[in-house]
Structures are given as C-alpha cells and as structure tokens.
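Have a look at the structure below before the remarks.
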Amino acid sequence: MIRELHEWVRAHRDDLLADVAAYVSIETPSDDKTALTAGLSWVDGWLRERLGEPENVRDVDGGRYGDIKVYDFPGTGEPVLLLCHYDTVWPLGTLKDWPFTVDGDRATGPGIFDMKSGLVHAVWALRALDAAGLPRPAVRLVLNGDEEIGSPASRPVIEEAAAGTRATLVFEASADGAVKTARKGVGLFRVHTKGVEAHAGLDPAKGASAVDELARAVLALHGLSDVDAGTTVNVGVVTGGTRQNVIAGAASGEIDVRVSSAAEAARIDAGLAALKAHDPRAAVEVTGGWNRPVMERSDAIARLYELAREEAAELGVTLRECSVGGASDGNFVAALGHPVLDGFGAVGDGAHARHEHISVEGMMERTALAAAVLHRLAGRRPRRTE
C-alpha cells in the first residue's frame, strides 16, 4: 500500500514543489507580528484549498507573538495531533538574496528545512489517502508562530489541543533522516549578583565585588554539568561592573541548561537553589525557568516509532531513531504522557543556517510515509503512557 502512495506522491512532485515554493516565498520571522499575520492568512487559505473546509477552527491571539490556529478535520476515530510551526528564524528581507531555488534533488530557501516543507508533507499525505480511497484519522492541526522563541503563547494551546488525541506527529525536520524519539528539556535561566561599589584603589575593603560573586557562580554552574547523564549547563553571556577601577556593584550571566531526564532537571533545580554569595554583603539570585520539559523515550513513543519503522520498511527504507539536544513543541505533549513522533518532516540539513535545504526525493518519501502512518493510526491506537 505504501508503495502505491509513494507513486501517487511522486506523480504530484511538481505540485508539492510549487506549494513549498509558495510557502517559502512568504517570510514569517518570529519577531515580526505583521509578517506572521500575513503568513498565517496565506496558510489558512491554502489549507482550505488543499483539504477543504475543516469541521472547526479555533483562533487564539498570540499577543505580541504570532497567532495560533487549531484546525479539526474529519476522519475515523479519535484525532491525531499534527504540530507545525510557521515562524522561522530568518529576518524580513532574507528572500531578496536567497530566494527559493531547486537544483536537482536539492531545494533551498529560508525556513524550508525548519520547517515549512513539513507542513506541505502533512497536507499532501492526507490528500494521498483521499486519492487512494483509504481511511484516514480525524486530524487536529496546530499552527503556531512562536516556536523558534520558545512557544510562550502557544504552549497552553498545544497542551489543550493534545487532550483526547491518540498520537502526535511533529513535522519538524528530521536528523539526517532519523525521527526523534527523545529530546532534551531546556532551561533558560539568569544569575544576578549584587555587590557593594567602592573605589578599587582607595577603598577596596569597603567593596564587595559582584563580578567576583558571578565568577564563583559560573564555576559552580558549570560544575553541575554531567555529560554522561546527558546534562549540560552553559553560562553563555556575562555582563557586570561599570569601570575597571570600580568594584562592581552588579553582574549577571545567562544560562542554558539541557537535561535528558526529569531526575536531572530536579538535580539542576536543587543546584540553582543552592547558589549563595561568598561575601555576606553580596547577594545571588536566579531567575528564569524551564522553557520545555524533557521528552523521554517512553514505551508509547517506542510503539509509535515501531509502527512508522514497519511502514518505512515496506518502502525499502530503514527509518532510524535518535535523541537530540534541541527541543520542540513535541516536548510539551510528550510530558503529558502522549505518544509523540518528532522529526517527521524534511530530509535535509542546515537548520538556522544559510545552507538550509531539503531533498526533493526525501520529500516524496516522507510524504508517503506520513500517509501510511496516518492510515495505520486510523485503525490502531498507541497506548498512552500512564
């Protein structure tokens, strides 16, 4: 069955490429609400043209971030959740010197790999099932415009949309063709130190250096890393002081934390809480929090991966799985105990880089695979993690 779906998709290669070209040619930077609004309006019209009218559409105002749309399309049984963000990291005007281009099997353009082609895969997978007369599940599609900046507005919408769904497919880019069955949790924190200013030459004893306190905190923070456990702590930006002859009264550092388990997240929380000032006249404070929870490879995720692996094998493809340090909106759903298969989108490379590109043949293959997996999910329910 999947081979027939693949042939149908390949017969519509030019149509898929035309849709990718049109989508990539609409710029949607995460920090430009006007551009995001225009982009979402285009996507809305395109979806209705390609899939017909949804049973229901929920519009959520993203405030200063991109708005969110949740579509419910009819099908068999409980819905499958599809996650596709429409924002990119590329600033307005990038298309002027980097337009959509196809050269043999390689298609390039800003946002094509992360993750505009993924939405095209999802839509044409559903069209392939309809053309073949095969059952497809009910589909709940979430489009959000703030994923690249941590999904501050869309997280509660995504978590609510997951309720009552049987599985989640995230059409983020693959990792060299592999799907992602585990992702690290991400913490974004800031350490603030306060000291007492004084003249560094005339009255050094009257001062308490915030920079000294920050330096001690940085060493303690980096000491929390445990590579074997999959935990990294990085203070990537530091600021502090006013002049070299003034004992610093304030300093700060920006912290990126990645963890592979909830237990490691709890250990990091304890380590952050334990940070104290060395000088009793100084103070240390940590702000921020966990941007995304850990996506651990549960039994339910393993079963969903096995389903996809079986379908890929019928196509003569070995579908690999992997764990990655980056996070996505799939982390939110997996943390609720739902089966999630991430990285189901493009085969290519260069996320957030000027060599961002996709494989055209890979797009045909992944679209057919998505169709086959969706067909299987119309009749089979992966069990939820308890």
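The values are calculated or read from the model by the stated rules, or taken from the named source; none is laboratory data. Owing to the predicted nature of the structure, the values given are computational and were not obtained by experimental measurement. Cβ sites come from the backbone with ideal geometry, for glycine too, and all protein chains shown count toward neighbours. The protein model used for the area step is the full one, side chains on, heavy atoms only, and it has no ligands, DNA or RNA in it. Shrake-Rupley method; radii C 1.70, N 1.55, O 1.52, S 1.80 Å.
Just wondering, is there one or more residues in region 62-71 that are at pLDDT 95 or above, surrounded by fewer than 14 Cβ atoms within 10 Å (Cβ to Cβ) and closer than 22 Å to Arg155 by Cβ? Scanning region 62-71, I find at least one residue that is at pLDDT 95 or above, surrounded by fewer than 14 Cβ atoms within 10 Å (Cβ to Cβ) and closer than 22 Å to Arg155 by Cβ, so the answer is yes. Looking only at residues in region 266-306 that are crowded, with 19+ Cβ neighbours inside 10 Å and in a helix (DSSP H, G or I), which one is farthest from the chain's Cα centre (by Cα)? The extreme case among them is Leu272. When each of Ser174, Ser261, Ser209 is tested for being under 16 Å from Gly326 (Cβ atoms) and of a type in the set (S, T, N, Q), the lone residue that passes is Ser174.
Residues of region 66-109 being part of a strand (DSSP E or B) and under 19 Å from the mean Cα position of the chain (by Cα), which ones?
Across region 66-109, the qualifying residues are Ile68, Lys69, Val70, Val80, Leu81, Leu82, Leu83, Cys84, His85, Thr88.
For region 122-134, the criterion of being closer than 26 Å to Ala368 by Cβ, part of a strand (DSSP E or B) and open to solvent by less than 10 Å² (accessible area, probe 1.4 Å) is met by none of the residues. For Leu374, the conditions (1) surrounded by 21 or more Cβ atoms within 10 Å (Cβ to Cβ); (2) in contact with a Phe, Trp or Tyr (Cβ under 6 Å, 6 or more places away or on another chain); (3) of a type in the set (A, V, I, L, M, F, W, C) are fulfilled apart from (2). Counting only strands (runs of 3 or more DSSP E) wholly contained in region 140-241, the ones carrying 2 or more residues that are of a type in the set (S, T, N, Q) occupy 232-240.
Does region 147-159 contain at least one residue that is of a type in the set (Lys, Arg) and farther than 21 Å from Val123 by Cβ?
yes
Any residue at all in region 173-181 that is closer than 21 Å to Tyr71 by Cα, surrounded by 20 or more Cβ atoms within 10 Å (Cβ to Cβ) and in contact (Cβ under 8 Å) with a residue 12 or more places away in the chain? Explain how you work it out, then say what you get.
Here is the first cut: in region 173-181, the residues closer than 21 Å to Tyr71 by Cα are none.
No: zero hits.
In this structure, Asp15 does not satisfy being assigned to a strand (DSSP E or B), of a type outside the set (A, V, I, L, M, F, W, C) and either modelled with pLDDT of 95 or more or open to solvent by 40 Å² or more (accessible area, probe 1.4 Å) (or both). If the condition is being in contact with a strand residue (DSSP E or B) (Cβ under 9 Å, 6 or more places away or on another chain), assigned to a loop (DSSP other than H, G, I, E, B), under 14 Å from Ala162 (Cβ atoms) and among the aliphatic types (A, V, I, L, M), then region 333-350 contributes only Ala335. Just one of the listed residues (Thr108, Thr165, Thr76) is open to solvent by less than 20 Å² (accessible area, probe 1.4 Å) and touching a residue at least 40 places away in the same chain (Cβ under 8 Å), namely Thr165. The C-beta contact set for region 276-303 (first residue closer than 19 Å to Leu219 by Cβ, second residue assigned to a loop (DSSP other than H, G, I, E, B) and of a type in the set (A, V, I, L, M, F, W, C), distance under 7 angstrom, 6+ apart or interchain) comprises Ala283/Ala277; Val284/Leu275; Val284/Ala277; Val286/Leu275. The conditions of being in contact (Cβ under 8 Å) with a residue 24 or more places away in the chain and open to solvent by 20 Å² or more (accessible area, probe 1.4 Å) are not met by Trp42.
The set of residues in region 190-214 being out of contact with any strand residue (DSSP E or B) (no Cβ under 7 Å at 6 or more places or on another chain) and either at positive phi or among the small types (Gly, Ala, Ser) (or both) consists of Gly201, Ala205.
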